[in-house]
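A.B. asks: Below you'll find the structure I mean.
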Amino acid sequence: MSRSLVCVCNMVTEKEILAALKKGARSTSDIQQATKAGTSCGKCLMTIDRIVEEFLSQQPADPQQRIEFDK
Ligand code: FES
């Protein structure tokens, strides 16, 4: 199996998942909606989770994000 093919059921590659993340997807659920990866047997969900986590960990913190403090 090709390393870049993440979801065999729906023929979704790692490149397509990364493209969805670059367009704003921020969770495995977002990836499922954008690409259909992980929406059949589910065996690829852990791999999708890992790709999402790695991508998000490499993103700089959003300076516009509001921090909520307990009152
Ligand atoms: S391999 Fe992705 S849903 Fe089956």
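A.B. asks: May I ask you to list the residues in the stretch 29-49 that are more than 9 Å from the ligand (Cβ to nearest atom), surrounded by fewer than 20 Cβ atoms within 10 Å (Cβ to Cβ) and among the hydroxyl-bearing types (Ser, Thr, Tyr)?
C.D. replies: Within the stretch 29-49, just Ser29 meets the criteria.
A.B. asks: On the given criteria, is Ser2 at negative phi, polar (S, T, N, Q), within 14 Å of the ligand (Cβ to nearest atom) and modelled with pLDDT under 95? Outline the logic, then answer.
C.D. replies: Values: at negative phi: yes; polar (S, T, N, Q): yes; within 14 Å of the ligand (Cβ to nearest atom): yes; modelled with pLDDT under 95: yes.
So Ser2 fits the description; yes.
A.B. asks: Given the options Arg50, Arg66, Arg26, name the one that is basic (Lys, Arg) and assigned to a helix (DSSP H, G or I). If you could, list the steps in order and put the result at the bottom.
C.D. replies: Working: Arg66 fails: assigned to a helix (DSSP H, G or I); Arg26 fails: assigned to a helix (DSSP H, G or I).
Exactly one residue qualifies, and that residue is Arg50.
A.B. asks: Still on this structure: Report the residue count in the stretch 29-44 for those that are farther than 14 Å from Lys15 by Cβ and outside any loop (DSSP other than H, G, I, E, B). Write out each step before concluding.
C.D. replies: As a first pass, look at the stretch 29-44 and keep what is farther than 14 Å from Lys15 by Cβ: 29-30, 32-33, 36, 38-44.
Then keep just the ones that are outside any loop (DSSP other than H, G, I, E, B); that gives 29-30, 32-33.
Selection size over the stretch 29-44: 4.
A.B. asks: Are there any pairs with C-beta distances below 9 angstrom linking a residue in the stretch 6-24 that is within 12 Å of the ligand (Cβ to nearest atom) to a residue that is aromatic (Phe, Trp, Tyr) and at pLDDT 95 or above, with the two at least 6 apart or on different chains, and if so which?
C.D. replies: If the second residue must be aromatic (Phe, Trp, Tyr) and at pLDDT 95 or above, the pairs left are Ile17/Phe55.
The values are calculated or read from the model by the stated rules, or taken from the named source; none is laboratory data. Because the structure is a prediction, the values reported are computed rather than measured. Neighbour counts are summed over all protein chains in view; Cβ atoms, including those assigned to glycine, are modelled from backbone coordinates with ideal geometry.
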